[in-house]
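Worksheet: one structure, shown below.
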Amino acid sequence: MKHRWKRTVMALICTGGIIGAAWLLPQLHDQSRLPGLKMKDRTLLRIWVIGSPGGGQAWLKGRLQQFEKQHPQVSTYLRTVPAEELSAPEAVIPDVVLYLPGDLQDPASRFLPLTGDVSSLLREELLRCGRWQNQQYGLPLCWSAWALAIDSALEPGTALTPAPTTLLGRPAATAAASTPEPAYPLEAARQADCALQSPGGAALFTLMLLDVRPPLPDDFGTLSSADVYAAFQRRQCATAVLTTGQLAAFSGTVSGGSGFPFRVMTADEVITDQVWLASITPDAPAEATLLLSHLVSADAQKALVSQSLHTVRRDLALYAAGTSARVESAARTSLSAVNAYIPAAEVHSAAWRCFQGQLTLAEALLPLM
């Protein structure tokens, strides 16, 4: 009887302990209920990419990791989406949207005007690209340009254009010693099955600046940039207008033992629609502005060299030699960026009429700025 009573008491004690633990565990899980303890709030930034220059997303992912280290209470979520998803019914609207000119129109209905003094560090020509009705809706993050790739088969003995080297943020560029570029091999190109391919739109302005006019295929100016790049890779065209990102990618292919030697012709000034812009949506948290400031900081901009992209800052020069240095130098002479919110069809129409000699370069560019 005595032992049975002791067992009953022990069982009651154990039951009380289990009940107590069952009550305490939720309290420990929800630390905000315990005196002196608080759960740390975290902010999630939703970032959507609609369009990007070659290498842009690789650069962005590295900068997002750095941003999260600097701001431990912020997490970022990155998605690549078509432009239509921004207007889809019941869509979860992101906080930050990244895009290229021609991807979106009517920024006033989608984004907040940007304020602050960060724009004082950036080039005005690129800021105008993200401006609409005198309001700054898009912040330029980086840019690339168009250049002409020439298959070495047209010019036996021609060496591959050397890979770019960097200055890593010197306050002013130092001009690299260079020799004049050889002329376009027109006679050799005329013998090719397809002398030249180019996308339409702003790429045609580069041909205007280079004054290159070999025989053209029937589908000239109608292919996408990706299709032109693929045609050049397969040697289905002897010369091609490519983005500087594509040129860097193909140089890497050649260095790796594939592809074929080629050289690059660059214009003495830059006209581009390859500007990467970022905008903030109306309900975005304050951390979205911090992210944009981070992406145009000197450290983030210096990292663009890993992808052969160009800085938007006025106080940085990134390249010492090679194609990237020539493009950077040309942009210091003259840089024009097509406004981001003009429909791509309008840009193509103006560039095509200019290429056909129906408009002067100034007449074609003025409505696009």
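The values are calculated or read from the model by the stated rules, or taken from the named source; none is laboratory data. None of these values were measured; they are calculated from a predicted model. Positions of Cβ are backbone-derived with ideal geometry, glycine not excepted, and every protein chain shown enters the neighbour counts. Side chains included, ligands, DNA and RNA excluded: accessible areas come from the protein's heavy atoms. Shrake-Rupley method; radii C 1.70, N 1.55, O 1.52, S 1.80 Å.
Tabulated data
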read-out: Some residue of the range 82-89 being in contact with a Lys or Arg (Cβ under 8 Å, 6 or more places away or on another chain), within 26 Å of Glu346 (Cβ to Cβ) and in a helix (DSSP H, G or I); value: yes
read-out: Any pair with Cβ under 6 angstrom, 6 or more apart, that starts in the range 326-342 at a residue that is of a type in the set (A, V, I, L, M) and ends at one that is assigned to a loop (DSSP other than H, G, I, E, B) and open to solvent by less than 10 Å² (accessible area, probe 1.4 Å); value: Val327/Ala145; Val338/Ala202; Ala340/Gly138
read-out: Residue count, the range 218-240 (criterion: out of contact with any strand residue (DSSP E or B) (no Cβ under 7 Å at 6 or more places or on another chain) and open to solvent by 30 Å² or more (accessible area, probe 1.4 Å)); value: 9
read-out: Whichever residue in the range 89-105 is exposed (fewer than 11 other Cβ atoms within 10 Å of the Cβ) and farther than 23 Å from Leu60 by Cβ and, among such residues, is modelled with the lowest pLDDT; value: Glu90
read-out: Check on Gly257, in a loop (DSSP other than H, G, I, E, B) and of a type in the set (Gly, Ala, Ser); value: yes
read-out: Some residue of the range 270-282 being among the charged types (D, E, K, R), assigned to a loop (DSSP other than H, G, I, E, B) and either at pLDDT below 95 or crowded, with 18+ Cβ neighbours inside 10 Å (or both); value: yes
read-out: Matching entry among Val312, Val338, Val347 (being in contact with an Asp or Glu (Cβ under 6 Å, 6 or more places away or on another chain) and of a type in the set (A, V, I, L, M, F, W, C)); value: Val338
read-out: Cβ-Cβ under 6 Å pairs, at least 6 apart or on other chains, the range 63-74 side within 11 Å of Arg42 (Cα to Cα) and in contact (Cβ under 8 Å) with a residue 12 or more places away in the chain, far side acidic (Asp, Glu) and part of a helix (DSSP H, G or I); value: Val74/Glu287
read-out: Residue list for the range 67-78, restricted to those being open to solvent by less than 70 Å² (accessible area, probe 1.4 Å) and part of a strand (DSSP E or B); value: Val74, Ser75, Thr76, Leu78
read-out: Meets criteria (touching a residue at least 12 places away in the same chain (Cβ under 8 Å), under 26 Å from Ala345 (Cα atoms), part of a helix (DSSP H, G or I) and small (Gly, Ala, Ser)) for Ala248; value: no
read-out: Tally, over the range 121-137, of residues that are open to solvent by less than 80 Å² (accessible area, probe 1.4 Å) and basic (Lys, Arg); value: 2
read-out: Output for the range 224-242, where each listed residue is part of a loop (DSSP other than H, G, I, E, B) and more than 22 Å from the chain's Cα centre (by Cα); value: Arg234, Arg235, Gln236, Cys237, Ala238
read-out: Helices (runs of 4 or more DSSP H) lying entirely in the range 288-369 (those with 2 or more residues that are crowded, with 20+ Cβ neighbours inside 10 Å); value: 298-302, 322-333, 344-355
